[in-house]
Protein chains: 2
Amino acid sequence: MRQSQLFTKTVKELPKDEASYNAQALIRAGFVDKTGAGIYSYLPLGKRVLDKICQIIREEIDNIGGQEILMAALIPKENWQATDRWATFDALFRLSGNDQREYALGATHEEVVTPLAGKNIFSYKDLPFGVYQIQTKFRNEKRAKAGLLRGREFLMKDLYSFHVDEADLDAYYERVIQAYFKIFQRLGLGDNTYLTYASGGSFAKYSHEFQTLAEEGEDRIHVCNQCRVAVNQEIVAEQKTCPLCGNEKLAEMKAIEVGNIFKLGTKFSAPFEVKYKDAAGREQPVIMGCYGIGPSRALGTIVETYHDDRGIIWPASVAPFRAHLVSLNENQTADEIYDQLTSAGSEVLYDDRDLSAGEKFADADLIGCPYRVVVSKKTLSQDSVELKKRADDKGELVKIDALALKLK
Amino acid sequence: MRQSQLFTKTVKELPKDEASYNAQALIRAGFVDKTGAGIYSYLPLGKRVLDKICQIIREEIDNIGGQEILMAALIPKENWQATDRWATFDALFRLSGNDQREYALGATHEEVVTPLAGKNIFSYKDLPFGVYQIQTKFRNEKRAKAGLLRGREFLMKDLYSFHVDEADLDAYYERVIQAYFKIFQRLGLGDNTYLTYASGGSFAKYSHEFQTLAEEGEDRIHVCNQCRVAVNQEIVAEQKTCPLCGNEKLAEMKAIEVGNIFKLGTKFSAPFEVKYKDAAGREQPVIMGCYGIGPSRALGTIVETYHDDRGIIWPASVAPFRAHLVSLNENQTADEIYDQLTSAGSEVLYDDRDLSAGEKFADADLIGCPYRVVVSKKTLSQDSVELKKRADDKGELVKIDALALKLK
C-alpha cells in the first residue's frame, strides 16, 4: 500500500476525551476513529490488524472442530424472557420495532444459539458439537473509558458447545483451554496471559478467565508463579491459595481479561427444553459450555503490551504490514523495491510521500510495523537499504538483492 | 465436511410464517435459521455462501482501489441530526443508552463516513479516494415478508467516494458500474441484471439501480432489450423511452434491486463541512458518491434465480461446496475418495450418514452443490463413481482416478 494513497493520516494531537492509552495510540496512528464513547470505527490499518486477529482465532477454533455461523444481532424479547434476562440483564440495549415488537441487541448469544441447536439435536448421535461466530456485540455500559478494552460496541468470538454429559463437556473444555493458549501465543500475548480461576456460577466450581498482565488492566488477579495460573479478585477471599499447588504466596497484579470460558451445564438448555434421546431412547438434558474472546479487546491489549513512547510495536503475526518502506527522496528506486517486495509476497506499507525524513520516521514509529526499510542516497551508494526492527535502536545495511529474503 | 458432523440438518416441513421462496428453501436446506421476522442467522452452509459472495465483492471493489474499513453500527443521535435524518428517516432503529445518550443503528453510513473523511481531507492531493465496508445494517421495516430480500437486519457492502469535482465523480461512477457488472457476472446474476435508471435525488438527473429479473421481485422495471438497460417504476411516467436509444417499446418485468449507486454531490459534505483546498489554496466542497450491494440480498436473489422443484442449484462461484459426495453403504471407499478430493483442493460435502439412497439424493438436490458424486456397489464394480451436475437429469460414470481432475 502506498502511503500517499492510504485513506487515513496519523494525527498529531492527542484525541480529546480519550483516557485510555490503547485508543489514544490507535487513533493517533490512524488505526481507529472514535465514533462515540466506547464506539470505534476501524480504518484500513486497524481493519487489517483486526482481520489477522480474527483469522488466528478462526484457525484455532476450526482446529478443534468449531463450525462458523453468524447469528442475528437483533434478538426478539421473547428469547430473553425465556431465560429471565430481559428483566435482569442491565447491559442490554433494548429497542422497539415498527412491527410493534421489542428486541435487544446481542450482548451474548445463548438466547439464540440454544433454541437453534435444539432444532438440530435429536439423538445422542448428534452430539457433541461446537458452533461459533465472530460478530459485533453491543453492551449498554454506563461508562466506557478503557478504549477498545471495554466498548459499547465490540467484536466477539463466541463459541458454544453441546454435550451428552459433564464428562464430555469437561474433555471439550480442556481442548478449548489449549486452543486459547495457542491463540494468545500467536497473538503475542502468550507469555503474559494466565489461566485465571473465577467463580463458576451455577454449575462448576470454577469458570476460567484468560488474563493478560497490563498496567492499564481493570482487573486484579493473584498469580501463582510456580503454576502460571491465577485467581481472580472476586474469589480470592475464598480461594486464597493456588488451586493447583496450594502455593500461599500469590502475587497481586493488574490484568486485562482477554477471554473467558464457562461450563453452563443446563442453565440455558433447560429453559429452552433442549434435550436428546440417549441410546436407550430416554430423554436427557443437553449440557452446554460457552467460550469467548474479544478480537477488538485483544487488539487493544496488544497495543497496551507492545509500545514505547514513540508508538506501537506490532507482533509480526498481527502487524498491518510486515515492513514500512521509507523513501527519502529516492522514489524511483523505492518504487522498484516496493514492486519487488510485494511480488515476493511481503506486505509493505510504502511511504512515498513528499515529507521530511523526521516526519516519516515519526510516522513509522507511531504505526509500528515490525521492520523499517529506509531508501536514501546514502544507502543506495552501497546498493543497500537500511533495515531496522521497530523495537531496535539501530539498523543494518542490507543489499537490495538480499532484502526480500531477509523479510520473509 | 462430513455431513454426519455438520451442525445443521435439512428440514422436512416448510417453515411457518415464511412467505418467500428464498427463505423457505434456505431454511429447509439448512443454510439459514429464522431468528425473527426479517431476521436470519446464517448456519455453516449459509455462512460459506455468504463469505464467497462477500469475497467476490471485496475483490472487485479492491480492484478499483477501494479501501476496506469497518464503521460503528451504533451511531450517536448528533450525527443524524446534522443531516436532519434523526427526525425524518422512518427506518431507523432508535435506542437510548445507559449513558443518557441516544443512538440509531446504522441503516446507512453517510453520517459516519462523511465526518470521518473530513478528518483526513485537507488538500486536493488527498482526493479522490473510495472507502467501503461489509457490515450488518439494520432497518426498522414495518413488514418483512420477502425473506433475505428485505430484512430488518442484513449485510451490506457500502462504498463511499470523495472527489474534487463532478467530472472526477462521473469518471469514478463509471468505474463502479463496470465493477458492479463484474460482481453480478461472477455471482451468476450477470445475464439477468439490468442497469436501471432511477430518480437522481438532489444532484444528478438519474441515480442507478442494478435490477435482477425475478418473479418474486418487489420492483417493476421497464426493460429496453436493445440496450440491456431499464427504467424503474418511479420515473417511467416521465422517462417513457430508453434513456440510451429512445426505444419506445419497454417491457415491464418484475425484478429485485441488487445494487444501487448515487451521485450525492454535496448533500452530506455540506452539513458536515467537508472541504478541501484547491491548488490555488481556495476552500472547495468535497463531492461524494455512494454505492451499495447487499450480500445477503444477493444470496436470496441467487436462490430465487437458481432452483427447481427439488431445491437450490448453486452457481459454482458461490456454492457452499463444489461437490456433494454421496456414499451408498460404501463408506470405506468413499472415505478414501473424500480424502483424495480434499487433498486435491476440492471443497466437498461428504454424506457419510446412515440413511437411505432416496433420503441422501433428496438432501443433495435440496442443498444444491454443483456436482453430485455417488459411490455405490454398482459404480465401484467398474472402479468408478457416478458424477452428475445438479442441473442435469443424468450422470456419467467416471473412473475414480480421473475424478479429482474432472472436478477442477
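The values are calculated or read from the model by the stated rules, or taken from the named source; none is laboratory data. Owing to the predicted nature of the structure, the values given are computational and were not obtained by experimental measurement. So basically every Cβ, Gly included, is an ideal-geometry build from the backbone, and we count neighbours across all protein chains shown.
The set of residues in segment A:170-204 that are polar (S, T, N, Q) and crowded, with 17+ Cβ neighbours inside 10 Å comprises A:Asn192, A:Thr193, A:Thr196.
Here is the figure for segment A:89-98: residues that are touching a helix residue (DSSP H, G or I) at 6+ places or on another chain (Cβ under 9 Å) and surrounded by fewer than 20 Cβ atoms within 10 Å (Cβ to Cβ) total 2. If only residues of segment B:51-68 that are of a type in the set (D, E, K, R) and surrounded by fewer than 19 Cβ atoms within 10 Å (Cβ to Cβ) are counted, the one that is nearest to the other protein chains (Cβ to nearest Cβ) is B:Asp51. When segment B:132-150 is filtered for residues that are more than 9 Å from every other protein chain (Cβ to nearest Cβ) and part of a loop (DSSP other than H, G, I, E, B), the ones remaining, listed by number, are B:Arg139, B:Lys145, B:Ala146, B:Arg150.
Criterion applied to A:Arg101, A:Arg48, A:Arg28, A:Arg2 was being surrounded by 19 or more Cβ atoms within 10 Å (Cβ to Cβ) and either modelled with pLDDT under 95 or within 11 Å of chain B (Cβ to nearest Cβ) (or both), and the one residue passing it is A:Arg48. Consider segment B:104-113 and keep the residues that are free of Cβ contacts under 8 Å to residues at least 40 places away in the same chain and more than 9 Å from every other protein chain (Cβ to nearest Cβ). The one that is farthest from B:Phe162 (Cα to Cα) is B:Ala104. Residues of segment B:108-119 being assigned to a loop (DSSP other than H, G, I, E, B) and buried (at least 23 other Cβ atoms within 10 Å of the Cβ), which ones? Answer for segment B:108-119, where residues must be assigned to a loop (DSSP other than H, G, I, E, B) and buried (at least 23 other Cβ atoms within 10 Å of the Cβ): just B:His109.
Just to be sure I understand, how many residues within segment B:216-245 are farther than 19 Å from B:Gly294 by Cβ and not in a strand (DSSP E or B)? The number of residues fulfilling the criteria is 17. Taken over segment B:319-341, the criterion of being among the β-branched types (Val, Ile, Thr) and crowded, with 23+ Cβ neighbours inside 10 Å is satisfied by B:Val326 alone. Just to verify a result, which residue in segment A:136-163, among those that are of a type outside the set (Lys, Arg) and in contact with a Pro (Cβ under 7 Å, 6 or more places away or on another chain), is nearest to A:Leu95 (Cα to Cα)? Going through the qualifying residues, I end up with A:Leu155. With the structure loaded, tell me whether A:Pro320 is in a loop (DSSP other than H, G, I, E, B) and touching a helix residue (DSSP H, G or I) at 6+ places or on another chain (Cβ under 6 Å) or whether it fails that test. Criteria met by A:Pro320.
Residue count for segment B:146-172 under the criterion of being among the aromatic types (Phe, Trp, Tyr) and within 18 Å of A:Asn98 (Cβ to Cβ): the result is 1.
Annotation note: of A:Phe129, A:Phe122, the sole residue that is over 17 Å from A:Leu155 (Cα atoms), surrounded by fewer than 23 Cβ atoms within 10 Å (Cβ to Cβ) and more than 8 Å from chain B (Cβ to nearest Cβ) is A:Phe122. So is A:Asn98 in a loop (DSSP other than H, G, I, E, B) and farther than 23 Å from B:Ile121 by Cβ or not? It is true that A:Asn98 is in a loop (DSSP other than H, G, I, E, B) and farther than 23 Å from B:Ile121 by Cβ. For segment A:374-406, the candidate set comprises residues that are in contact (Cβ under 8 Å) with a residue 40 or more places away in the chain, farther than 17 Å from A:Ser4 by Cα and crowded, with 20+ Cβ neighbours inside 10 Å; within that set, the residue that is nearest to the chain's Cα centre (by Cα) is A:Arg390. Among the residues in segment A:263-277, are any modelled with pLDDT of 95 or more, of a type in the set (Asp, Glu) and more than 22 Å from A:Glu60 (Cβ to Cβ)? Yes; the residues of segment A:263-277 include at least one that is modelled with pLDDT of 95 or more, of a type in the set (Asp, Glu) and more than 22 Å from A:Glu60 (Cβ to Cβ). Among the residues of segment A:80-91, the ones that are in contact with a Lys or Arg (Cβ under 9 Å, 6 or more places away or on another chain), under 24 Å from A:Val274 (Cβ atoms) and either within 10 Å of another protein chain (Cβ to nearest Cβ) or touching a residue at least 60 places away in the same chain (Cβ under 8 Å) (or both) come to 1 in all. When A:Met71 is tested against (1) out of contact with any His (no Cβ under 9 Å at 6 or more places or on another chain); (2) at the interface with chain B (Cβ under 10 Å from one of its Cβ atoms); (3) of a type in the set (A, V, I, L, M, F, W, C), only condition (1) is not met. Go through the residues of segment A:119-133 one by one and say whether even a single one is outside the structural domain of A:Cys369 (by TED's automatic domain parsing) and within 16 Å of the chain's Cα centre (by Cα). The answer is yes; a qualifying residue exists.
The set of residues from segment B:347-362 being among the charged types (D, E, K, R) and buried (at least 22 other Cβ atoms within 10 Å of the Cβ) comprises just one member, B:Asp351. Return the only residue of A:Lys360, A:Lys394, A:Lys388 being within 26 Å of A:Arg28 (Cβ to Cβ), part of a loop (DSSP other than H, G, I, E, B) and modelled with pLDDT of 95 or more. Being within 26 Å of A:Arg28 (Cβ to Cβ), part of a loop (DSSP other than H, G, I, E, B) and modelled with pLDDT of 95 or more holds for just one of A:Lys360, A:Lys394, A:Lys388, which is A:Lys394. In segment B:164-184, is there at least one residue being away from chain A (no Cβ under 14 Å), over 16 Å from the mean Cα position of the chain (by Cα), farther than 23 Å from B:Ile27 by Cα and aromatic (Phe, Trp, Tyr)? Within segment B:164-184, one or more residues are away from chain A (no Cβ under 14 Å), over 16 Å from the mean Cα position of the chain (by Cα), farther than 23 Å from B:Ile27 by Cα and aromatic (Phe, Trp, Tyr). For segment A:171-195, the tally of residues that are free of Cβ contacts under 8 Å to residues at least 60 places away in the same chain and part of a strand (DSSP E or B) stands at 1.
Scanning segment A:246-257 for residues that are surrounded by fewer than 17 Cβ atoms within 10 Å (Cβ to Cβ) and under 30 Å from the mean Cα position of the chain (by Cα) yields A:Ala251, A:Glu252, A:Lys254.
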